[in-house]
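Right, one structure below, let's go through it.
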Ligand SMILES: [Zn+2]
């Protein structure tokens, strides 16, 4: 049985494509599920930024004299700081 991926709500009995929370899979989110989804996405961005920082540190520690590596890390830092 499908459950809402954000709040775990069960599907409606009369309309199984919609969950009891009001969300519709791959279409609409209820306000509560939208807030949960935004929180999950923010957590994911944080995890990816931390992983990117660790990779950048490792990259520079392995190839400290290589200008290309430094440019890659500069591009990473610039991309990371660009906010929507
Ligand atoms: Zn939901």
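If a residue must be closer than 10 Å to residue 6 by Cβ and either exposed (fewer than 13 other Cβ atoms within 10 Å of the Cβ) or touching a residue at least 40 places away in the same chain (Cβ under 8 Å) (or both), how many such residues does region 25-34 contain?
0
Are any residues in region 1-16 touching a strand residue (DSSP E or B) at 6+ places or on another chain (Cβ under 6 Å), part of a loop (DSSP other than H, G, I, E, B) and more than 10 Å from the ligand (Cβ to nearest atom), and if so, which ones?
Looking only at region 1-16, we keep the residues that are touching a strand residue (DSSP E or B) at 6+ places or on another chain (Cβ under 6 Å), and these are 2, 4, 9, 11-12.
Narrowing further to those that are part of a loop (DSSP other than H, G, I, E, B): 2, 4, 9, 12.
Once the filter is applied, which keeps residues that are touching a strand residue (DSSP E or B) at 6+ places or on another chain (Cβ under 6 Å), part of a loop (DSSP other than H, G, I, E, B) and more than 10 Å from the ligand (Cβ to nearest atom), region 1-16 yields 2, 12.
Given the criterion within 15 Å of the chain's Cα centre (by Cα), part of a helix (DSSP H, G or I), at pLDDT below 95 and away from the ligand (no atom under 16 Å from the Cβ), identify the matching residue among 56, 69, 51.
It is 51.
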Check: Being within 10 Å of the ligand (Cβ to nearest atom) and out of contact with any helix residue (DSSP H, G or I) (no Cβ under 9 Å at 6 or more places or on another chain), is that true of even one residue in region 36-44?
Finding: yes
Taking region 36-84 and keeping only residues that are surrounded by 13 or more Cβ atoms within 10 Å (Cβ to Cβ) and within 28 Å of residue 12 (Cβ to Cβ), one is left with 36, 37
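The values are calculated or read from the model by the stated rules, or taken from the named source; none is laboratory data. Source: prediction; values computed, not measured. Note: ideal-geometry Cβ built from the backbone for every residue, glycine included; neighbour counts use all protein chains shown.
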